[in-house]
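Each remark here refers to the structure printed beneath this line.
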Amino acid sequence: MDFVYNDGGRAAAGFKGKTSDCVCRAIAIATKIPYKDVYAIINSFGKNEKHKKKSSARTGVKKDTTRKIMEHFGFEWKPTMQVGQGCKTHLRANELPDGRIITSLSGHVAAVIDGVLNDTYDCSRGGTRCVYGYYVLR
């Protein structure tokens, strides 16, 4: 899979330093909504959580909150794996649909645009990384 470095507009928005912002970054890339706007929306969802440690655009978003946020932005979940089934879809261009999608991986999400991985690092593991499912804009 081809890879393009893309921080989703994080640096241009004035954010610095290391972070765990993959949800925010992937949404900004896939939707073309400014990073700062996506960041604020994610944090508003985190404030409404009942968890002790709240989701944050900067430090990570819980799985159940990620699904709500994705729905807010108009994404639909497409699972590619069932419990006990084993990996059927990998982070490879020929195994994913064209268009602007957000893939769900182990501990990470990443934007893929027409078969090209857009992220701050190549998380494909040489095409062996399992995709649990992906979000596609409705």
Six or more apart or on different chains, Cβ under 7 Å: which pairs go from a residue in the range 1-26 that's touching a residue at least 24 places away in the same chain (Cβ under 8 Å) and closer than 23 Å to LYS62 by Cβ to one that's part of a loop (DSSP other than H, G, I, E, B) and of a type in the set (A, V, I, L, M, F, W, C)? Could you list them?
ASP21/ALA57; VAL23/VAL61; CYS24/ALA57
Which one is farthest from ARG92 (Cα to Cα) among residues in the range 122-131 that are surrounded by fewer than 16 Cβ atoms within 10 Å (Cβ to Cβ) and touching a residue at least 12 places away in the same chain (Cβ under 8 Å)?
ARG125
Among the numbered conditions (1) under 16 Å from GLY133 (Cβ atoms); (2) exposed (fewer than 15 other Cβ atoms within 10 Å of the Cβ); (3) modelled with pLDDT under 95, tell me where MET81 comes up short.
(2)
How many of the residues in the range 92-113 are surrounded by 13 or more Cβ atoms within 10 Å (Cβ to Cβ) and either under 13 Å from the mean Cα position of the chain (by Cα) or part of a helix (DSSP H, G or I) (or both)?
14
Looking at the range 27-72 only, could you name the residues that are in a loop (DSSP other than H, G, I, E, B), more than 12 Å from the chain's Cα centre (by Cα), touching a residue at least 12 places away in the same chain (Cβ under 8 Å) and farther than 20 Å from SER106 by Cβ?
ILE33, PRO34, GLU49, ARG58
Any residue in the range 96-112 that's over 12 Å from LEU137 (Cα atoms): show its pairings with residues that are assigned to a loop (DSSP other than H, G, I, E, B) and of a type in the set (Phe, Trp, Tyr) at Cβ separation under 7 Å, as long as the two are six or more apart or on different chains.
SER104/TYR132; LEU105/TYR132
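What residue, among those in the range 28-62 that are hydroxyl-bearing (Ser, Thr, Tyr) and open to solvent by 50 Å² or more (accessible area, probe 1.4 Å), is nearest to PHE73 (Cα to Cα)? Spell out how you get there, then give the answer.
So the first thing to find is which residues in the range 28-62 are hydroxyl-bearing (Ser, Thr, Tyr), and the list is 31, 35, 39, 44, 55-56, 59.
Restricting the remaining residues to those that are open to solvent by 50 Å² or more (accessible area, probe 1.4 Å) gives 44, 59.
Details: SER44: 14, THR59: 20 Å.
Per the stated criteria, the residue is SER44.
The values are calculated or read from the model by the stated rules, or taken from the named source; none is laboratory data. Here the structure is a predicted model, which is why all the values come from computation and not from measurement. So basically every Cβ, Gly included, is an ideal-geometry build from the backbone, and we count neighbours across all protein chains shown. With ligands, DNA and RNA removed, areas are computed over all heavy atoms of the protein, side chains included. Shrake-Rupley method; radii C 1.70, N 1.55, O 1.52, S 1.80 Å.
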